[in-house]
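One structure below.
Every number here is computed from the coordinates shown, using simple stated rules; none is lab data. Only a predicted model underlies this, so the values are computations on that prediction, with no experimental measurement involved. Every residue, glycine among them, receives a Cβ derived from its backbone with ideal geometry; neighbour counts consider all protein chains shown.
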Amino acid sequence: MNIFELIRHRRSIRKYEERQVPREDLERIIEAGLYAPNAGGGQRSMIVALRDPKLTEAVGRMNVGKLDRSRLSGSFVSNEQPSIIDDPTLKSGFYGAPTVCVVFAQGNFLYSIPDAFCCAENMVLAATELGISSCIIARGEETFDSDYGHQLMHDWGVPLGYVARCFVLLGYCKGDYPAVKPRRQGRYNIVEAD
Ligand SMILES: Cc1cc2nc3c(=O)[nH]c(=O)nc-3n(C[C@H](O)[C@H](O)[C@H](O)COP(=O)(O)O)c2cc1C
């Protein structure tokens, strides 16, 4: 696949096999994240990859714990790959993915959030290239907003003042890989010189 085919092929996957992602592939995906564009060239984001199923399940539940369902009315994400919004019986926001990368960024920096999501986007594209499925997950800050969450960050060597901005799930798609999704019309304009 060339880069344009790869971009079209990538989908957010929420059903994973138990099979773990090889460590060398994970390291290449992390490296792709570290090479993402970053505001001011400051390289302020940091990635922590979790591969212990008990830990990913616990943090995945913390990720759902802070979700305010009353604010979701009318939202619908996917039939083929239901999200926690679509299926309230799902208890972990990480859908059983065998590897979960947490993207942290410097909390008091103006571009902390875009920095982290640029990193995540590089990672999901690199994963697709390696035949690995992925999904970007939000609610980073809320997930770690507890004494236990702060303790985990400390144990993982996350610098003080850093905040979790998002997660990148990695694994192998269980069942059929979803088809390319058609794009909504009218979403761009090109303005040429007169
Ligand atoms: C900023 C951002 C936050 C997202 N957060 C979540 C999330 O919390 N849970 C989830 O299941 N998917 C999440 N996604 C994945 C989107 O739901 C997904 O990209 C969208 O439905 C389009 O589907 P596709 O990625 O398969 O093209 C997020 C994506 C982005 C870009």
Margin query: Kirkwood Rh and Cα-based Rg: tell me the resulting Rg over Rh for the chain, rounded to two decimals.
Written below: 0.97
Check: Put +1 on the Cβ of each Lys and Arg and -1 on the Cβ of each Asp and Glu in the range 103-194; which of Ile190, Leu110, Val180 then has its Cα farthest toward the positive end of the dipole?
Finding: Val180
Next item on the list: Please identify every one of the trypsin sites (Lys or Arg not before Pro) in the range 97-194 that sits in a loop by DSSP and has no more than 13 other beta carbons within 10 Å of its own beta carbon.
Entry: Arg183, Arg184, Arg187
Checklist line | Rg followed by Dmax, in Å, when the range 86-194 is reduced to its Cα trace | finding: 17.3, 60
Item checked: Mean projected area in nm² (Cα convex hull; one quarter of hull surface) for the range 7-120 -> 8.8
Checklist line | Filtered chymotrypsin sites (Phe, Trp or Tyr not before Pro), the range 45-112: DSSP coil and at most 16 other beta carbons within 10 Å | finding: Phe76, Tyr111
Check: With the chain treated as a Gaussian network of Cα nodes joined by springs under 10 Å, which of Ser12, Ser92, Ser75 yields the largest mean-square fluctuation?
Finding: Ser75
Notebook entry, point to check: Out of the DSSP beta bridges found with both residues in the chain, what percent are antiparallel (nearest 5)?
Noted result: 95
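With an 8 Å cut-off on Cα pairs and a minimum separation of 6 or more residues, tell me the relative contact order of the range 77-194 in percent.
Reported relative contact order: 34 percent.
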